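Since the structure comes first, as structure tokens, the remarks are kept for the end.
Laboratory data are not the source of any read-out in this text; all were calculated from the coordinates shown. These numbers were taken from a predicted model, which means no experiment stands behind them. Cβ coordinates were reconstructed from backbone atoms using ideal geometry, including for glycine residues, and neighbour counts include every protein chain displayed.
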Amino acid sequence: MGVEATTLAVASFLHLAGYVHGHAKPYTSTGAGIAEAVLCVALAWGASAMLRPTAGSRSIAIGTTAVTIAGFAYGLSVTTQGGDLPDIAYHAAMLPVLLSTLILILRTRRGDPDGDATPMPSSRGVSGSRP
């Protein structure tokens, strides 16, 4: 999640500094930069929550990742209408990464008080055990 947030920070900077331009409405570099900055902060909050073993940390990570996925899906729809190919490629590449992150968060649970995440048991029995 931290790496994903970092890519959003870089993308936001590139848009707001004027290095990335679209070619048609509804795409605007400023709008994209602001949206990516907001999603960066949200995802960084989720990542930091996962580092702390509190009761709500997993819920925060799930929520912030889901919001980021929704933002990326919307961003992809806007970017395909008026953005340039590198911007479209970024959104298209990051969406599966974010979805994978959400799946990983959903498949883990908080373990001991030290905050170690342990996988949830599968429906086929204990992982790695032989009958």
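Observations on the model:
- Order by protection proxy (mean Cβ within 10 Å, highest first), peptides 17-23, 98-104: 98-104, 17-23
- Normalised by the number of residues in region 2-110, the average gap of Cα pairs under 8 Å and 6 or more apart makes the relative contact order 28 percent.
- P(r) tail, region 2-110: Cα-Cα pairs separated by more than 18 Å, 46% of all pairs.
- If the chain linking Ala92 and Tyr74 were pulled fully straight, counting 0.36 nm for each residue of separation and taking away their Cα-Cα distance, it would gain 5.4 nm.
- Peptides ranked, highest mean first, by Cβ atoms within 10 Å: ranges 51-57, 73-79: 73-79, 51-57
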